[in-house]
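*Asks:* The structure that follows is given in the form of C-alpha cells.
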Amino acid sequence: MTESVVTENGEGGDATRRDFIHIAAGAAAVGAGAMLAWPLINSMNPAADTLALASIEFDMTKVQEGQQVVIKWQGKPVFVRYRSARELQEAVATPLSALKDPQTDADRTKAGHQPYLVVLASCTHLGCIPTFGTGDYGGWFCPCHGSHYDTSGRIRKGPAPSNLVVPEYAFLSDTRIKIG
Amino acid sequence: MSAHESTYVPKTGVEKWLDTRLPIIRFGADYMSLPTPKNLNYWYTFGGILMLCLVIQIATGIILAMHYVPNTEMAFASVERIMRDVNGGDLIRYVHMNGASMFFIAVYIHMLRGLYYGSYKAPREMIWIIGCLIFFLMIATAFLGYVLPWGQMSYWGAEVITNLIGAIPVIGEPVLIWLRGGPAIDNATLNRFFSLHYLLPFVIAGCEVLHMWALHTAGQNNPVGILIPKEREKKDTLPFHPYFTVKDGFVIIVFLMLFSVFVFFMPNALGHADNYIPANPLVTPPHIVPEWYMLPFYAILRAIPDKFGGVVAMFASIGVLFVLPWLDTSKVRSMRYRPTMRTFFILFVINALILGWCGAQLPDAPVIGDFKTFILIDGDLNSYLWLTRFTTAYYFAFFFVIMPLVGLRETPKQIPATISEPVLSGGDAMTAAAPASAEKKG
Amino acid sequence: MTLQMNIRAMKKTLALIAAVAGLSLAAQPALAVGEKHPPRSGGFSFEGPFGTFDQGQLQRGYKVYREVCASCHSMDLMHFRTLAEPGGPFYDSDQVSPAENRFVRALAKEVQIADIDTETGEPLMRDGTSADRFPNPYPNPTAAAAANGGAAPPDLSVMAKARGGGADYIYSLLTGYAAVPQGLQMRPGQNYNKYMSGDLTPFMPEGAEVPPGGFIAMANPLSDGQVTYDDDTVASVDQMSKDVAAYIAWASDPRQVQRKQTGMGVLIFLFIFAGITYVSYRRIWKGVAH
C-alpha cells in the first residue's frame with residue numbers, strides 16, 4: 001500500500017510506472033543534475049592564475065659554489081644547490097646498498113650539469129624544511145625528527161622514508177632552468 | 001483538511017530499524033503520498049520553483065564565497081577574477097546574479113497567487129505570515145548581496161538605504177553608526193554585510209521549513225478556495241507523487257529556460273551598468289536606483305515628502321502584508337467567485353507594475369509628453385512624483401480600504417460544493433448547495 | 001481539463017513572466033531632453049546570440065590599446081596570459097596553456113613591469129611575463145588625476161559593461177568628437193563630444209537649441225594612421241575606434257562567446273527535456289478529471 005498510485009478516476013496505476021517516457025524524463029533529470037553539479041565542483045580546481053604560476057624560471061648564476069639558494073615555486077620552497085667538487089664526488093661514490101631509498105646521483109641531476117641539484121625543500125617524513133649543511137652526511141638535517149640527507153638529498157639516517165623529491169625541471173640554457 | 005495519517009509501512013530490515021530511530025523514510029514517503037487537491041493549476045507550481053531558486057542561490061553562493069574577498073581594496077577585483085580565472089566562474093556568478101532576479105519574479109507570482117485564491121485566509125494565516133517573513137528576509141539578503149561587488153551602485157545604494165535608518169528619530173544616528181561600524185560605509189560595513197549575506201539564506205531555509213510545516217498542517221488551498229473534508233479526499237485529491245512532482249518538474253524546466261536565456265545571452269540586462277564602475281565615495285552616480293525588484297518600495301519611499309515618513313511608508317508597505325488575513329472580511333476565499341474584488345486585484349497588479357516603473361524614473365520628469373501643467377504642493381501634476389503618490393495611495397487603499405469594504409458588501413458568485421463539481425458539471429457551478437455549507441469557517 | 005486549457009494557462013503564466021521581465025528590462029532611468037545621442041552601431045561580429053569575435057580585429061584592437069590608450073588608461077584586471085585564452089586575440093591552438101603562449105610571452109616582454117630586486121629589495125623595472133597584470137601607467141589614483149587635470153582616466157578592464165551602450169558606445173564616443181557647436185560656452189580643459197552624457201543647457205545662451213552630448217576631459221586621442229597595423233588594414237580613426245571597442249568588449253567579458261555557445265546547448269537540452277517531461281506529465285494525468 002505504500003507506493004502504488006491509486007486513483008478512482010484515472011489510469012495512473014502501476015502500468016504507467018514502467019512507461020519508457022517516465023524513465024526518459026527521470027534520466028534527463030539526473031543528467032540535468034549532473035550538468036548543474038559539475039561546474040560547481042570544477043570551480044574548486046586550480047584557477048587560471050594559479051595554473052599560470054605552475055612553472056618558473058631561475059637564473060643559476062645566483063647560486064655560489066658550495067652554497068644553495070631557496071626559491072618559492074607553487075607556493076612551496078625549493079633548494080637549488082651548487083655542490084663543490086668534493087660534495088659531488090661524495091655523492092657519486094656512495095654505494096646503492098647504503099641507501100634506504102636507492103638512487104644514483106646521476107638519476108637526480110641533469111646530464112652535463114651534475115654539480116647542480118634541485119630538490120623540494122620538504123622533508124619526506126612530515127614536511128618540515130631541512131637545514132642546509134648540517135647533519136652527519138654534509139647534505140641537510142631535518143630538525144623536526146632528526147632525518148639526515150646527503151649531498152645528493154638522499155635519506156641516510158632517520159625516520160624519513162624516501163629521498164628529497166626532485167621536481168620536474170629542465171635547463172633552458174647553461175645558466176637558466178625552468179621548474180615545472 | 002488536516003494532516004493525513006501516515007500510510008507508510010517499512011518493508012526491509014533497514015527500513016524498520018530506521019523507522020523506530022529516525023523516521024526520515026516515513027517522512028519522505030508521507031510527503032510523496034500527500035493528498036493534494038487535484039484542481040491545482042500552474043500558478044501553484046511557483047512554491048516548488050522558489051525552493052529550487054533557494055537551493056541554486058545557496059549552492060552558487062557558497063562556491064562564490066570560496067573566491068570572493070570582502071575587502072574594499074579587493075572586492076571588485078575578486079569578482080572579476082571569478083569571471084576570468086576561476087573555472088566556470090563566469091557562469092556561476094551570472095547564475096547567482098540572475099538567480100536573485102528569478103527568485104523575485106517567482107516570489108511575486110507566488111504571492112499574487114496567494115492573494116488571488118485567498119490562501120492567506122483562515123486556517124492558513126501562519127503560512128502567509130511566515131511567507132511574508134521570508135519575503136522580507138529575501139529583500140534584506142538581496143540588498144546585502146548587491147553591496148558585495150563594491151561597484152558604484154553597490155556603494156551608493158548602501159549609502160542611501162542605510163541613511164534611512166539614520167532618519168529614525170532619537171535612536172537613528174547611533175544605530176546607523178553601529179550598523180555601518182563607523183561614520184561612513186567602509187571596510188567594516190562590507191565585511192559584516194558579507195557575513196550577514198551568508199547567514200540570512202539559511203534563516204530563510206529555516207523559515208521555509210516552518211512554512212511547509214504550517215502548509216501541511218492547514219492543508220493546501222486550491223483554486224476553488226474550499227476546504228476539502230476527509231470524506232472527499234479520495235475523490236478530490238491525488239497523491240503528490242507522481243502527479244504534482246512531474247507537473248511541477250515540467251514548469252520548473254520552462255522556468256529554467258527563461259533563466260538560461262538571461263544567464264547565457266543577456267546576463268547584465270536586469271542589472272545596472274554603473275555597478276561595473278568601482279565604488280568611489282567621492283563621486284555620486286547621476287541616477288541611484290536599486291535592482292528592479294525593489295523599485296516599487298523605492299518609489300513608495302520617495303513618494304512621501306518627509307524623510308522619516310518615507311521610511312515608515314516603505315516599511316509599512318511590507319508590514320501591511322503581515323496583517324492581511326485580518327483586513328479581508330470576505331467569507332469567500334477564491335477571487336474566482338468574487339468578481340468585484342477580482343477587478344480591484346487586477347488593478348492592484350497593474351498599479352504595482354506602474355509603481356515599479358515610477359521607482360526608476362526621476363521625480364521631476366514628465367509622465368505624458370513634455371508639457372507642464374500646474375504645481376500641486378511641491379511638484380508639477382504631470383510628473384512622476386505625483387504618479388508615484390497616486391499609485392502609492394492605491395497600494396495602501398487596496399489593503400486598508402478596499403479589502404475590508406468589498407468583503408462586506410460584494411455578492412460573490414455561487415461556490416461549488418466540491419472541487420470536482422466545476423469539472424464534472426461542465427464548468428458552471430450552479431448547484432443547489434449554498435456557499436456557506438461547503439465550508440466550516442470562511 | 002483539455003490541452004487547450006493547459007496551453008492557455010501556460011500562456012498566461014508566460015505572458016505575466018514576460019511582462020515582469022520586460023518591465024524590469026525597461027527600468028532604466030529616463031533620458032532627459034538634450035541628452036546624448038543613442039550610440040551608433042559598430043556592426044560588431046560578436047553581437048547577437050550567435051556572435052563571435054574576429055581574432056584579427058581583437059589583435060588590432062590590442063595594438064591600439066597598447067600604443068595609444070595604455071599611456072593613460074590602465075587595464076588593471078587584465079593579465080597578459082588572458083590574451084591567449086580561447087576566443088582571445090592571441091589564442092593559438094598549438095599552445096600548451098595560455099601562460100605559455102609564445103605570442104603572449106613576446107608581447108609581455110615588450111612591456112616593462114615594476115618589481116623589486118629579489119636580493120636587495122630595491123625597486124626596478126623588468127621585462128613582463130605572461131603571468132603579469134597589465135602595468136598601470138600611474139603609481140596610484142592620485143597621480144593619475146594630477147597628471148590629467150584632475151580627472152583620472154578610468155580603467156578600461158570592464159568598460160564595455162560599465163556603459164549602457166557597450167562597444168557601440170565606445171566606438172561612437174571615439175568617433176564622436178566634433179566641431180564646437182555655435183554658441184556653446186566651453187569649459188576650460190574640456191572637449192565637446194556628441195555621444196558623451198551630460199546636459200549642455202547651462203552652457204548655451206537662453207532659448208538656443210541645446211546640442212546633444214556633453215563635455216569630456218579626454219581630447220580626441222585618435223588620428224588617421226596613428227597606428228600601423230600588422231595585417232595592412234588601413235588605420236583610419238573609424239577603423240581604430242571599431243577595433244579598440246571590440247577589444248575592450250572582449251576584455252570586459254573574455255568568456256562571453258563560449259558562454260553563448262554553451263547556452264545554445266543548454267537551451268536545446270532543456271527544450272527536449274521539457275518535451276519529454278510534458279509527455280510524461282500528460283501520460284500520468286490521462287483520464288484524471290481535474
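*Asks:* So, by mean Cβ neighbours within 10 angstrom, what's the order for B:355-361, B:409-415, C:69-75 with the highest one leading?
*Replies:* Numbers: B:355-361: 24.0, B:409-415: 15.7, C:69-75: 19.3.
With the highest mean Cβ count within 10 Å placed first, the list reads B:355-361, C:69-75, B:409-415.
*Asks:* Further question: What does the extension gain come out to for B:R21 and B:D306, with contour length at 0.36 nm per residue minus their alpha carbon separation? The partial results should precede the final answer.
*Replies:* Details: separation 285, 0.36 × 285 = 102.60 nm, distance 5.95 nm.
The B:R21-B:D306 span can extend by a further 96.7 nm.
*Asks:* Size of the stretch A:91-180 along its principal axes in angstrom, Cα-based, largest extent first?
*Replies:* Per principal axis, max minus min of the Cα coordinates gives 38, 27, 19 Å.
*Asks:* Could I ask something else about it? Is chain C rounded, prolate or oblate when judged by the Cα gyration tensor, a ≥ b ≥ c being the square roots of its eigenvalues, rounded requiring a/c under 1.5 and prolate requiring a/b larger than b/c?
*Replies:* Working: a/c = 2.50, a/b = 1.36, b/c = 1.84.
Taking the square roots of the gyration eigenvalues as a ≥ b ≥ c, chain C is oblate.
*Asks:* Please state, as a whole number in µm²/s, the translational diffusion coefficient that the Stokes-Einstein equation yields for the stretch B:301-411 at 37 °C and 0.692 mPa s, with Rh defined as the Kirkwood radius across alpha carbon pairs.
*Replies:* 213
*Asks:* On alpha-carbon atoms, Rg over Rh for the stretch C:200-277 using Kirkwood Rh? Don't skip to the answer; put the middle values down first.
*Replies:* Numbers: Rg = 22.7 Å, Rh = 17.7 Å.
A ratio of 1.28.
*Asks:* For the stretch B:116-264, what's the radius of gyration and Dmax over Cα atoms, in angstrom?
*Replies:* According to the Cα coordinates of the stretch B:116-264, Rg and Dmax are 21.3, 64 Å.
*Asks:* What nm distance separates the two modelled labels at A:A37 and B:A316, each placed 7 Å from Cα along Cα→Cβ?
*Replies:* That separation, rounded to one decimal, is 5.1 nm.
*Asks:* Could you line up C:R60, C:R282 from fewest to most neighbouring Cβ atoms inside 10 Å?
*Replies:* On the way: C:R60 25, C:R282 15.
Starting with the residue having the fewest Cβ neighbours, the order is C:R282, C:R60.
*Asks:* With springs only between Cα atoms under 10 Å, which of C:F44, C:F203, C:F103 fluctuates most in a Gaussian network model of chain C?
*Replies:* Taking springs between Cα atoms under 10 Å, the residue moving most is C:F203.
*Asks:* Cα extents of the protein assembly as shown along the three principal axes, largest first, in whole Å?
*Replies:* 112, 92, 60
*Asks:* For the pair B:L210/A:K100, report the inter-label distance in nm, with labels modelled 7 Å from Cα in the Cβ direction.
*Replies:* Here the answer is 6.1 nm between the modelled labels.
*Asks:* On to the next question. Give me the Debye-computed log₁₀ of I(q)/I(0) at q = 0.05, 0.07, 0.13 Å⁻¹ for chain B, equal point scatterers on Cα only, no solvent, two decimals.
*Replies:* Debye output, listed in q order: -0.22, -0.42, -1.28.
*Asks:* Just tell me how shielded A:21-31 is by partners: mean number of partner chain Cβ atoms within 10 Å of each residue's Cβ, no decimals. Could you put the intermediate results ahead of the total?
*Replies:* Details: counts 9, 9, 2, 6, 16, 5, 2, 11, 7, 0, 2.
For peptide A:21-31, the averaged partner shielding equals 6.
*Asks:* Now a separate question. May I ask for the distance between the Cα centers of the stretch C:202-248 and the stretch B:126-160, given as a whole number of Å?
*Replies:* 40
*Asks:* I need the peptides B:43-50, A:22-29 ranked by packing, meaning the mean over residues of other C-beta atoms within 10 angstrom, with the highest value on top.
*Replies:* Per-residue Cβ counts within 10 Å, averaged per peptide and sorted highest first, yield B:43-50, A:22-29.
*Asks:* Related question: Mind telling me which of C:D253, C:D54, C:D232 comes out most flexible in a GNM of chain C, alpha-carbon contacts under 10 Å?
*Replies:* C:D232
*Asks:* With +1 on each Lys and Arg Cβ and -1 on each Asp and Glu Cβ, how big is the dipole of the stretch C:122-256 about its Cα centre, in debye rounded to the nearest 20?
*Replies:* Working: 8 positive and 15 negative charges, 82 e Å.
Dipole about the Cα centre, nearest 20: 400 debye.
*Asks:* Taking 23 Å as the cut-off for C-alpha to C-alpha distance, list the pairs among B:K234/C:K286; B:K247/B:K413; A:K110/A:K178; C:K63/C:K109 that go past it. Mind showing how you got there, number by number?
*Replies:* Values: B:K234/C:K286 17 Å; B:K247/B:K413 30 Å; A:K110/A:K178 13 Å; C:K63/C:K109 15 Å.
Violating the 23 Å Cα-Cα cut-off are B:K247/B:K413.
*Asks:* Also, I was wondering about something else. Determine the calculated [θ] at 222 nm for chain B from helices alone, applying -39500 (n - 2.57) to every DSSP H run no shorter than 4 residues and normalising by the residue count; nearest 500 deg cm²/dmol.
*Replies:* Numbers: 18 runs with 251 residues, N = 442.
Calculated at 222 nm, the ellipticity per residue is -18500 deg cm²/dmol.
*Asks:* Which order do B:S154, C:S197, A:S173, C:S45 fall in if you start with the one that has the fewest other Cβ atoms within 10 Å? Let's see the in-between values first.
*Replies:* Values: B:S154 24, C:S197 19, A:S173 8, C:S45 13.
So the residues, fewest neighbours to most, are A:S173, C:S45, C:S197, B:S154.
*Asks:* Moving on. Multiply the residue gap between B:I368 and B:M257 by 0.36 nm, knock off their C-alpha separation, and tell me the result in nm, one decimal place. It would help to have the intermediate numbers written out before the result.
*Replies:* Details: separation 111, 0.36 × 111 = 39.96 nm, distance 3.63 nm.
Extra length from B:I368 to B:M257 when fully extended: 36.3 nm.
*Asks:* Just checking the output field for A:50-63: average partner chain Cβ neighbours within 10 Å of each residue's Cβ? Before the final figure, lay out the partial values.
*Replies:* Details: counts 2, 7, 13, 3, 4, 5, 2, 1, 0, 1, 0, 0, 2, 0.
Mean number of neighbouring Cβ atoms from other chains: 3.
*Asks:* Which of the peptides A:92-103, B:86-97 is most tightly packed, and how do the rest follow, judged by the mean count of other Cβ atoms within 10 Å per residue?
*Replies:* Values: A:92-103: 12.1, B:86-97: 22.9.
So the order, starting with the most tightly packed, is B:86-97, A:92-103.
*Asks:* Please give the average number of partner chain Cβ atoms lying within 10 Å of the Cβ of each residue in C:158-164, rounded to a whole number. Each step should come with its number before you reach the end.
*Replies:* Values: counts 10, 3, 2, 10, 8, 4, 4.
Per residue, the average neighbour count from other chains is 6.
*Asks:* Among B:V86, B:Y8, B:G206, which residue has its Cα positioned farthest towards the positive end of the charge dipole of the protein assembly as shown, with +1 placed on the Cβ of Lys and Arg, -1 on the Cβ of Asp and Glu, and the dipole taken about the Cα centre?
*Replies:* It is B:Y8, whose Cα lies furthest towards the positive end.
No lab work stands behind these numbers, since they all come straight from the coordinates. Worth saying up front: this structure is predicted, and the values here are computed from it rather than measured. Heads up, the Cβs are rebuilt from the backbone with ideal geometry, glycines too, and the neighbour counts pull from every protein chain shown.
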